[in-house]
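Asks: The structure is given below, and queries will be raised subsequently.
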Amino acid sequence: MSLSFFHFILSLPDNANFMIMRLKNEAKRIIGDYPSMNARAHITINNYPRKPLYINEQGFTMFERRLKLLPPIVFEIDGFDCFNEENNYNKTIYAKLKSSDQNKYWFKLLWKIVGKGSDTPHITIARNITPEQFNRLWPHFQKREMHEKFIVSRFTILRNRPAFEESRAVIYREFEFQGSQNASTMPDNMGLTQSFKNYPSINQQISLF
């Protein structure tokens, strides 16, 4: 039986990915090789543990209609931040996303469909680096300003099968956001809210955990 690990992400457009890759290459010149240095830029939404493939397929099909109700959304990079835990693990530097009422509402609707992962949606620059690497790299980003806007129009499911020699995650399914551009501008948008109620959430139908 095929057991897979799935990653739910928001795919970034090519221009935003190119910009982040330049930052990753800059980080590599400063600290050398590190995890995630070759990964395409994205915003992680959630991760699902290994389950039989047919179970995941049922669940993914159930929320496809709801995902398509969401509109494409504009994000803006607003400088940089980090996760700097007390221990020697999970030190991560990332591009920070500017918060707005519109984006908060959009994420709220998305999380109702696919579940909530991180409380801080972000774009990773350098993930799981050592304390020594972090101490060298963070000063280069700490006070650096960056303000770039981009549009996210796709939700992507990546599939990873760690038991196989080639364990790199590959695109498994993608969904386009097809809702009205004005659908998420107001938290009291009753039309969009009612449309979501017409489709049961994934957790009401099938458990992916």
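The values are calculated or read from the model by the stated rules, or taken from the named source; none is laboratory data. Predicted model, so just to flag it, every value in this text is computed and none were measured. Here the Cβ positions follow ideal geometry from the backbone for every residue, glycine too, while neighbour counts run over all protein chains shown. Ligands, DNA and RNA are stripped out before the accessible areas are found, and what is left, the full protein with its side chains, is counted by its heavy atoms. Shrake-Rupley method; radii C 1.70, N 1.55, O 1.52, S 1.80 Å.
Asks: Cβ contacts < 6 Å: first residue surrounded by 17 or more Cβ atoms within 10 Å (Cβ to Cβ) and assigned to a strand (DSSP E or B), restricted to segment 1-24; second residue of a type in the set (S, T, N, Q) and modelled with pLDDT under 90, any location; separation 6+ or different chain. Result?
Replies: Every condition considered, the pairs that remain are Phe5/Asn160; His7/Asn47; Phe8/Asn46; Ile9/Thr44.
Asks: Test each condition in (1) at pLDDT 85 or above; (2) part of a loop (DSSP other than H, G, I, E, B); (3) open to solvent by 20 Å² or more (accessible area, probe 1.4 Å) for Val74 and report the one that comes out false.
Replies: Failed condition: (2).
Asks: While we're looking at this one, here's another question. Counting only residues that are open to solvent by less than 40 Å² (accessible area, probe 1.4 Å) and either farther than 28 Å from Glu76 by Cβ or at pLDDT 90 or above (or both), how many does segment 154-182 have?
Replies: To start, the set of residues in segment 154-182 that are open to solvent by less than 40 Å² (accessible area, probe 1.4 Å) comprises 155-158, 160, 169, 175, 177, 179.
Narrowing the set further to residues that are either farther than 28 Å from Glu76 by Cβ or at pLDDT 90 or above (or both) leaves 155-156, 160, 175, 177.
Total meeting the criteria: 5.
Asks: Pull out all pairs, ordered by first then second residue, where Cβ-Cβ is under 8 Å, the residues are six or more apart or on different chains, the first lies in segment 125-140 and is touching a residue at least 60 places away in the same chain (Cβ under 8 Å), and the second is surrounded by fewer than 17 Cβ atoms within 10 Å (Cβ to Cβ) and of a type in the set (D, E, K, R).
Replies: Short answer, once both residue conditions are applied: His140/Glu26.
Asks: Still on this model: Output the qualifying pairs, or none if there are none: Cβ atoms under 6 angstrom, residues six or more apart or on different chains, first residue in segment 91-115 and without any contact (Cβ under 8 Å) to a residue 60 or more places away in the chain, second residue part of a loop (DSSP other than H, G, I, E, B) and surrounded by 14 or more Cβ atoms within 10 Å (Cβ to Cβ).
Replies: Leu97/Pro121
Asks: Restricting to segment 89-135, name every residue that is more than 18 Å from Phe75 (Cα to Cα), at pLDDT 90 or above and either surrounded by 14 or more Cβ atoms within 10 Å (Cβ to Cβ) or of a type in the set (A, V, I, L, M, F, W, C) (or both).
Replies: Once the filter is applied, which keeps residues that are more than 18 Å from Phe75 (Cα to Cα), at pLDDT 90 or above and either surrounded by 14 or more Cβ atoms within 10 Å (Cβ to Cβ) or of a type in the set (A, V, I, L, M, F, W, C) (or both), segment 89-135 yields Thr92, Ile93, Ala126, Ile129, Gln133, Phe134.
Asks: Just to be sure I understand, how many residues within segment 103-137 are of a type in the set (A, V, I, L, M, F, W, C), over 14 Å from Lys28 (Cα atoms) and in a helix (DSSP H, G or I)? First the steps, then the outcome.
Replies: At the first step, the residues of segment 103-137 found to be of a type in the set (A, V, I, L, M, F, W, C) are 106-107, 109-111, 113-114, 123, 125-126, 129, 134, 137.
Within this subset, residues satisfying the condition of being over 14 Å from Lys28 (Cα atoms) are 106-107, 109-111, 113-114, 123.
Narrowing further to those that are in a helix (DSSP H, G or I): 106-107, 109-111, 113-114.
Adding up the residues that qualify gives 7.
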